[in-house]
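Structure provided below as structure tokens; questions to follow.
The values are calculated or read from the model by the stated rules, or taken from the named source; none is laboratory data. Owing to the predicted nature of the structure, the values given are computational and were not obtained by experimental measurement. Cβ: placed from backbone, ideal geometry, glycine included. Neighbour counts: every protein chain shown. Calculation scope for accessible area: heavy atoms of the full protein, side chains included, ligands and nucleic acids excluded. Shrake-Rupley method; radii C 1.70, N 1.55, O 1.52, S 1.80 Å.
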Amino acid sequence: MKLVKVTIDGIRTEAEDRTPLVQVAQKIGVKIPTLCHHPLVEPYGVCRICTVEVHMRGRVRLVTACNYPVTDGIEVFTQTDRVRRTRKLILEWLLARCGHVPLLNTLAAEYGITEPRFGRGDDTCILCGLCVRVCSDVVGAHALGFFNRGTTRYVGTPYDEPSDRCIACGACVEVCPTGCITMDDEVEQIRGELPLGPMTAIYIPTMQAVPHQPVIDYDSCIHFKTDACRVCAAVCEAKAIDHGQQDRREEIQVGSIIVATGFQPVDPQKVPQYGFGRYPNVVTALQVEHMVNASGPTNGQVLLKDGSRPQSVGIIHCVGSRDKNTHEYCSRVCCMYSLKLAHLVHERSGAKVYNFYIDMRSAGKGYEEFYNHLLEEGCEFIRGRVAEVSDWAVTPAEQGKLVIRVEDTLAGLVRRIPVDMVVLSTGLEAREDADEVRRLFNMSCSSEGWFLERHPKLAPVSTFTDGVFIAGCAQGPKDIPDTVAQAGAAAAEALALIDTGQVELEAYTAWIDEERCSGCQICVPLCPFSAIEFSREKKVSTLNEALCKGCGTCVAACPSHAAQQHHFTDAQIMTEIEGVLVR
Amino acid sequence: MAFRSHVLVCAGTGCVSCGSFDLGAALEREIASRGLADEIQVVRTGCQGFCAEGPVLVVQPDEVFYCGLKTSDVATLVEEHLLKGRPVRKLMYTPPSAPAPVPKLSQIPFFAKQKLVVLRNRGLVDPERIDDYIARDGYEALAKAVTELTPEEIIREIKLSGLRGRGGGGFPTGVKWATCRQAALHRGVEPVIVCNADEGDPGAFMDRSIIESDPHAVIEGMAIGARAIGARQGFVYIRHEYPIARERLAKALDQARDYGLLGRGILGTKFDFDISVVQGAGAFVCGESTALMASLEGKAGEPRAKYIHTVEYGYKNLPTNLNNVETWANVPLIISRGAAWFASMGSGDVSENPWNGSSGTKVFSLVGKVNNTGLIEVPMGITLREIIFGIGGGIPRGRAFKAVQTGGPSGGCLPATHLDMPVDFDSLTAAGSMMGSGGMIVMDDQTCMVDVARYFIAFLTEESCGKCIPCREGLRCSLDVLTRITEGKGEEGDIALLEEMGAVMQDACLCALGSSAPNPVMSTLRYFRDEYEAHVRERRCPAGVCKALITYTIDQALCDGCHACVTACSTGAITGQVKYPHQLNQSLCIKCGACLDACKRNAVLRA
Ligand SMILES: Cc1cc2nc3c(=O)[nH]c(=O)nc-3n(C[C@H](O)[C@H](O)[C@H](O)COP(=O)(O)O)c2cc1C
Ligand code: SF4
Ligand code: SF4
Ligand code: FES
Ligand code: FES
């Protein structure tokens, strides 16, 4: 790296040879206006607004700072009369084309232009080409291009048709200095979904994520669509981003296992009368949770789909819980999280909040007090199961609103309550794959799919498989404090096992004589403790003595007498029998 | 077989479009039918330069020049001249105001004052036959360059000759070659050479004629350049609208390959070089070096910033040496006759530094209001007067010379006071014009300079690629102001505004199209400012060209009612009884001036 001396407006500095002048100026705080320049794309040098005066070996010339490579000893002036005259006229020319673009007018004011001499045109595109370049050079979609020549040049898509190469990434909208590109309605809809998902394709999953590192969402990352972009890699100073990474399986040898696979929220569409998926402003509690997060997509604001604030919000409890059609159990956490959301929604948006509940279950330390606090806050509580959410207005007050129909069991009448937003407090259910996990660890499940503990009171975190423990919602619905407490218990049990260092086994385990095993695999499914596995390599069954409880099922079943049991070998038993008969 | 006589029929584009192919075929038929086929050969040559008089031919060795021929003249020509040896006077060329036709080519003033270096073979060789070229010492220079000279020696020779780029910029060719060679050696990559045959200037046809009449000169020049620079690959970027030139070039390349003058192991040495022909993308701006290279790469022909030179990073980021057709065509003669011979022609002393003068000759296309239009080659440093009045034969119909526009659309207009100025790179630039690629348009006193400036700005507005703002928007706004002035709607301050826009465009445009675009306005403002002022302040067009500013009237005292104007007027604006003074209805008049031309008594007045 060769360093060269550069003077800009009298300030001396050093820079790497051939660095673009604009970067050097920026570093020392000299402001040079730019329009067609963006750090993510190669300099293009067409707007010429970044013109500056360069003195070099007695030669004076005007150059464009965005792409001029600095060399040793140059002296740069960014505000001479000649420079200002050039920029001023360029701005007047631009206004003659795009007279009402705010950015240009702000710049023009800096150069003392009040009435541009060539009038003001109605176009909005200054043909800086940033959109075209970002689309092809960064995004790699190549959806945009220039058409025609000279004064009739314009930016567009081939044949002026919507381009099927556009991946609706919005990069062009982002870089356009004049704001003249907007997203189409159709496309807007796709993006409309986004505020409730991750904001970008690369993100840290949750604030508490372990490890606290960003992940790339394969489905929305541009690189996996066009093979280009890699903007994240370009800006990552640690050079930590590797788009070539592949999923991989790892085998880890452990002595004990804690199963904490959690739950899944009930799909709100299983309760179709509440209109989720039909009405854009019917959302789930989790989505509102996302919104109220200060670092979330709406910066902590509670917003309707059109971006405005709701005036009234209805929170429906027990969606998918305490219901014969979905789950009969109580999900235990919905009451309290609904109260929390009611409080936050009211606080963030000032909206009137209604809670529709069957029974208020606020058991636990401080919970009832919180409920009382909400009552004082003016939150409305209506007891009764909601019958239906619809947009069918009967009165003018219901026009344009979502109407919640409910039987108020305390007042003894059926009510219609118009609101702007409906929040569904969905219950918890066992994960879809719970049964697979259960089988893997040889555990048992309740009829609802929750993993069963060995004993509800005496062994609440153990399972019927030694060394496998359970914690959290995988075992049954519970809130965070309960989960943490249970997790602590499971960890302690696991540690106790680890701490012994060695486990003493009963001596009467079975074993498999590999010489004899024909590989018929009859024993594998028979073992109630999943202690036998078939080895594809050796083509014989192998037995994990740590898991074997010595029940002898495999020994009895093995047709080739390969499975045998210590202390109970055929020979031993025969001898014992003989001994008995001899007497 | 030796022929008694050769008939050299011009097959340049101009003459072809006047029917010279038919003429040649008719000649051959007639010659054969007279049984002269063994004695007389018909040869088709490239442009002989005097296109305005086409189709033309020369009978050798008598050196008799015939012009404006029709197929119906063939029988007479063959019978009289070729059979009986009596040149046909009525088919010869008569210079304007000369009493009698001039039979010999070398005595016709148009030809006599020219100095043929680049065009040395014009009208003498059949461009489609390499043997013709070789017979006139062709490829001798290449042989010398590959067998006797080192690359450094070739470059030294070119530097010493003072040869400067004929494509417009006038950059010293030897210096460019040396930089390119150095860049390639330094980076350890193979350089590329390119011949710029895009020739987009309206009315210019120098490069086309060179390729059409002597393609091997360009090929030989490029091969020598390749040897000097170290290139193995060359391109000719040729304008799409030049089918004949392209075809001849392709034939010539094939022949050169057959003769081992291109391809692998040229002339039995280890030197490999070949040339591909690439068709231009059809825009004026594609002649600009960076745009040309973008176009060569298959991208849109748009310029880029040149802070990084193309001799270092050009075509596909390889060091690329671009020269104009005429520049390349000069190279073989410099190598075979020596730098000193070349430097002895032209102006200034280039022995120390090529920037100190302009050596050699320059080909111009002389057009406009001049008696002899056509393609000419003159030594550098000749005065404008010698070109326009000596070779060009002055202004037609005895009108006064007003200005000459040089350098193509973005050149400048020089007034009569500059007629004795030498024509070379630096004088032209100092006078606010430029050499350009060699267009020369002569204008008489019936030309409005504001209108001329408007015309060129309109052309450039069309041709601007539109990439950078000062060129695209600056040209559009300049055109608006100029149009306003020619329509009589000019405002006080418009002239200053034009000057300001011109200065900023010169400073700020991305490529030379834009930065030289103000030249037509700036030079006419410099030399003909009073005309602008007359338009703006007095609403008057002194030359009587701008329609919005003129009115035609009929002088009732002079009009004798001959009715000639009534017949001439296409809108029926003039009425009147025969033998009585006529009337002109202004609301119908479209100011075409037909009446003015028709009136024999000068009774139509223009004001
Ligand atoms: C707008 C524009 C058009 C040009 N057109 C041509 C052209 O048609 N032919 C040409 O030889 N050079 C043309 N040039 C000049 C070339 O950019 C370049 O300078 C030249 O080809 C270099 O060759 P030389 O050094 O032999 O002159 C043009 C330049 C500009 C700015
Ligand atoms: S649409 Fe915007 S980004 Fe694209 S060229 Fe026009 S001004 Fe530039
Ligand atoms: S100066 Fe004109 S031709 Fe050259 S890049 Fe700019 S717009 Fe294109
Ligand atoms: S920012 Fe430099 S030319 Fe546009
Ligand atoms: S084309 Fe025939 S003289 Fe030019």
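Long-range amide H contacts for A:HIS243: which residues qualify at under 5 Å (H placed 1.01 Å from N, peptide plane, sequence gap of 5 or more or a different chain)?
none
For the stretch A:129-241, what class follows from the C-alpha gyration tensor (a ≥ b ≥ c being the square roots of its eigenvalues): rounded when a/c is under 1.5, otherwise prolate if a/b is larger than b/c, else oblate?
Since a/c reaches 1.5 and a/b is larger than b/c, the shape of the stretch A:129-241 is classed as prolate.
Moving on to the next point. Using θ = phi - 60° and the Karplus form 6.51 cos²θ - 1.76 cosθ + 1.60, what ³J(HN,Hα) does each residue of the stretch B:380-395 get, whole Hz, x for Gly and Pro?
Karplus values, whole Hz, x for Gly and Pro: 4, x, 4, 8, 4, 4, 4, 5, 6, 8, x, 6, x, x, x, 8.
Of the trypsin sites (Lys or Arg not before Pro) in the stretch A:419-463, which ones lie in a loop per DSSP and count no more than 11 other C-beta atoms within 10 Å?
Sites meeting the loop and neighbour criteria: A:LYS457.
Based on the alpha-carbon gyration tensor of chain A and its eigenvalue square roots a ≥ b ≥ c, which shape applies: rounded if a/c is under 1.5, prolate if not and a/b is larger than b/c, or oblate?
Because a/c hits 1.5 or more and a/b fails to exceed b/c, chain A counts as oblate.
If eta is 0.692 mPa s and T is 37 °C, what Stokes-Einstein diffusion coefficient results for the protein assembly as shown, Kirkwood Rh from Cα pairs, in µm²/s?
Answer, rounded: 84 µm²/s.
Quick one: which residues, 5 or more positions from A:GLU407 or on another chain, have an amide H under 5 Å from its amide H? H modelled 1.01 Å from N in the peptide plane, none for Pro or chain starts.
A:ARG385, A:ALA387, A:ARG415
Rounded to a whole number, what % of the accessible area of the protein assembly as shown do carbon and sulfur atoms account for, probe 1.4 Å?
Accessible surface attributable to carbon and sulfur in the protein assembly as shown totals 52 percent.
Taking square-rooted eigenvalues a ≥ b ≥ c of the alpha carbon gyration tensor, is the stretch B:130-352 rounded, prolate or oblate, where a/c under 1.5 means rounded and, failing that, a/b exceeding b/c means prolate?
Taking the square roots of the gyration eigenvalues as a ≥ b ≥ c, the stretch B:130-352 is rounded.
Per-residue HN-Hα couplings for the stretch B:560-574, Karplus 6.51 cos²θ - 1.76 cosθ + 1.60 at θ = phi - 60°, whole Hz, x for Gly and Pro?
10, x, 6, 6, 4, 5, 4, 5, 6, 5, 8, 10, x, 7, 9
Once ligands and nucleic acids are excluded and a 1.4 Å probe is used, how much of A:ILE216 is accessible, expressed in Å² to the nearest 10?
60
Also: Between chains A and B, what is the buried accessible area in Å², counting both sides, with a 1.4 Å probe and ligands, DNA and RNA left out, to the nearest 100?
Heavy-atom accessible area buried at this interface is about 2700 Å².
Let me ask you something else. Just want to confirm a number: the relative contact order over chain A, from Cα pairs under 8 angstrom separated by 6+ residues, in percent.
8
Still on this model: For A:GLU429, what residues show an amide H to amide H distance below 5 Å, using hydrogens built from the backbone and excluding near sequence neighbours?
Here A:GLN264, A:VAL266 satisfy the definition.
Between A:PHE77 and A:ASP17, how many nm apart are label points set 7 Å from Cα along the C-beta direction?
2.8
While we're here: Each residue of the stretch A:350-357 in turn: what ³J(HN,Hα) in whole Hz from Karplus with 6.51, -1.76, 1.60 and θ = phi - 60°, glycine and Pro shown as x?
x, 6, 7, 10, 10, 10, 10, 10
Another one. Over the whole of B:402-410, what's the average partner chain Cβ count within 10 Å per residue? Rounded to a whole number, please.
0
Once you charge only the Cβ atoms, +1 for Lys and Arg and -1 for Asp and Glu, what is the size of the charge dipole of the stretch B:5-111 about its Cα centre, to the nearest 20 debye?
Magnitude of the dipole: close to 220 debye.
Just going by the charge dipole of chain A, with Lys and Arg at +1 and Asp and Glu at -1 on Cβ, which of A:ALA25, A:VAL215, A:CYS554 is farthest out on the positive end?
Going by the Cα projections, it comes out as A:ALA25.
Once the dipole of the stretch B:360-444 is set up with Lys and Arg at +1 and Asp and Glu at -1 on Cβ about the Cα centre, which of B:LEU428, B:PHE389, B:GLY407 lies farthest towards its positive end?
So the residue furthest toward the plus end is B:PHE389.
Solvent-accessible area of A:ASP164, probe 1.4 Å, all protein chains present, reported in Å² to the nearest ten, please.
140
Between exposed chymotrypsin sites (Phe, Trp or Tyr not before Pro) in chain A, where DSSP calls loop and at most 12 other Cβ atoms lie within 10 Å, what's the longest gap?
Segment A:1-217 is the longest.
Any idea how far apart B:ARG606 and A:ARG57 come out in nm if each label point goes 7 Å out from Cα toward Cβ?
Roughly 5.4 nm, to one decimal.
Counting pairs of alpha carbon atoms under 8 Å apart in space and at least six apart in sequence, what relative contact order in percent does chain B give?
So the answer I get is 11 percent.
Once Lys and Arg get +1 and Asp and Glu get -1 on their Cβ, which of B:ASN356, B:VAL442, B:ALA573 lies farthest toward the positive end of the dipole of chain B?
With unit charges placed on the Cβ atoms, the residue in question is B:ALA573.
Taking all protein chains together and a probe of 1.4 Å, list B:LYS316, B:LYS467 from the most accessible to the least accessible.
In descending accessible area the options line up as B:LYS316, B:LYS467.
Given charges of +1 on the Cβ of Lys and Arg and -1 on the Cβ of Asp and Glu, with all other atoms neutral, how large is the dipole of the stretch A:129-241 about its Cα centre, in debye to the nearest 20?
It comes to approximately 520 debye.
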